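Here the structure is laid out as structure tokens; the discussion comes afterwards.
The values are calculated or read from the model by the stated rules, or taken from the named source; none is laboratory data. Predicted model only: the values in this text are computed from it and were never measured. Don't worry about glycine lacking a Cβ; one is built from the backbone with ideal geometry, like all the others, and counts go over all protein chains shown.
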Amino acid sequence: MPGDGKRNHLLLTGATGFLGKVVLEAVLRRWPELEVTLIMRPRGRHGIESRFRRLVKLPCFSNLPPEWPNRVHILEGDLSHPGAGLSAEGHAQLINNVTHVIHCAASIEFDLPIQEAARANVDSTLNVMELARSCPSLRSVVSVSTAYVTSHQDGNPVYEVPAPLSRDPFQLYEEIRNGDPDEPALLRETGRPNTYTLTKALAEHLLIQRYNDLPLSILRPSVISACIEHPAPAWIDSGAAFAGFVYLVGAGHLQELVGNPRTRLDIVPCDVVTSHILDQLQDPPPPEERPRIRHSTAGVDRSTSIRESADEVVSFFREYQVDRLPRIRYLGSNRLLLAVNRGVGATLGLLTLKGRVFRRRSLEKRHQADEINARFRHFMLNTFDFRSSLPWPAPPVTPREYIRTICRGVYRHMMRRDESQLLVAGRKHTRVQQDWYWLLTRSTGPLSTRLGLYRVRRHLSAWAHRVTIDEPALLRAREDAPVGSLVVIHPVLSHSISTAAVLTAFTMLTRPTLGFGAVWVLPEALLPHSITTAVLPEDRRTTRTHLRPWILATRDHTSETPVGTVSGDPEDLVRMLASGVPTARIEVRLETDPDEHTLSQQEDASSLLLGKLGGYTGMRLLRRIAGSLPAHHGHVRSAHLHFEPGGAHVYPVEPG
């Protein structure tokens, strides 16, 4: 490949698909001298130039040099036609230049009629191989198949060998092309669950028998999902396979699953598959090993069970809520129990929805959930033990961590949700999760703290339609503080100090994943003067007031500073400071929507409550300030918290 002193030109098919985009980005990033030709077909009103312009604008290519489109040539064609549907000029241009071929194009629809599936997955593959054979400078070909070409092996290992077929592949192929086969009978005969896996298996056999003169590698990925590293962590733009499952479970529309809870799902990151493709492209098989079959799979050791996967998805989307509160009402294969639970869930869901549009959308999501269960039943009931000879080319992640990465990718790229606008409170949040259920599902902190936060949550729902935080910014600011340090959260704008303080404390106490331990909520007057002067920059020091609240928290937690606790004793804080713990600052800015009901620029809860709080600390102070918001500030549409590190310095504080 590039750097070997030879001219190199790559033909890539399927570049508009999820895998094809990641492969294109990796090729352009990894080999800056390489030129690429894409075969594309018009779709609807969009010609190939229009489709390519849309491809260029996708965020997965944002890290490439801006001139990268100059290295890509596009030709109009249709892979299912002889000669890939190329014009004579395009055909001549292609065969005179191409040295390497990657064939990613396929239809991943499971339920296509058998003849359509054969055109998409068999005819197209054979036509691309004929093109490759006609290239005089050809050095390597990789054709992407699927690990599920094999029928289920009842837990036996699945090796990198051709998957058995019930009869001669040429006879089977001709019967499909020329006749009208009995599709259900054909699937039963071959032991395949759908037309996708059958046609992929058929294509492999035809490749092995017809094209053993080509330097051909057949790569079999399992379930392809979100990337780990490249082109960006958690990148995904396809709702097929596991991502569709995550989408519907996370949005609360898929609550009854068909499957064996112990079945292990073999899910492989898209950039891992891409790395395997490029490695095979660089290292074509020797003549005695052609064609070569390799698995690009996670393996049983890197896989999670369906129960573990579902639990991780539910856990993630309870933190990052979307439409409904996610839950798994039933997981199993008993048709009666499935029907009962589905009926109960559908009835309750429709009764709680208001309006014809919302009911129609709910029914559409229900239909999608039923399709997911029907299409993936075979894979949810059977564990496939794929054995691969390829190394794992990505950073090590645990299976549960990877499921969470997929959830993050679906949330960000498919649901179009912004993690920097994370909903944490307000009336919109309450619609997804009622106050009483929210209280019952809180698992951190003592009961008194949870009851106090329940009161605060109700006040916030009365005050604002939605309260959001920039969680990634808070996590970045937290990372700038030393491990085990004391962190001071200080509002930048004086008019919003109390409001920002109550929202910040509420967020830190209700989201243990942020990584803070014990939290102190204290009026400024109860803190030693040396603390405030040491931590605050000089231009932020003002006259000390009795009621200005301070939010302090430990970064990380120990048995002495457990997650989800709020302290009302300033002596605890003083003792911690006396032990020499370093203190860092994080600044918070409160932004509200610009209408007549926003916060007053002159008033704040501190001045409104002056003289009424006395020595309130901890949860009492938090509840009291939160309780003043609806009464004195009206209702706001949205309130947003943004966090920034207060500076690169760490402030060692000695209480005076």
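Taking residue 389 as the residue in question, decide whether it is assigned to a loop (DSSP other than H, G, I, E, B), modelled with pLDDT under 85 and not β-branched (Val, Ile, Thr). Break it down stepwise before answering.
Numbers: assigned to a loop (DSSP other than H, G, I, E, B): yes; modelled with pLDDT under 85: no; not β-branched (Val, Ile, Thr): yes.
It is false that residue 389 is assigned to a loop (DSSP other than H, G, I, E, B), modelled with pLDDT under 85 and not β-branched (Val, Ile, Thr).
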Conditions (1) more than 16 Å from residue 498 (Cα to Cα); (2) at pLDDT below 75; (3) not polar (S, T, N, Q): number failed by residue 646: (2)
Note on region 179-192: residues of a type outside the set (D, E, K, R) and under 12 Å from residue 114 (Cα atoms) are 179, 181, 184, 185, 186, 187
Determine whether residue 280 is part of a loop (DSSP other than H, G, I, E, B), of a type in the set (S, T, N, Q) and in contact (Cβ under 8 Å) with a residue 24 or more places away in the chain. no
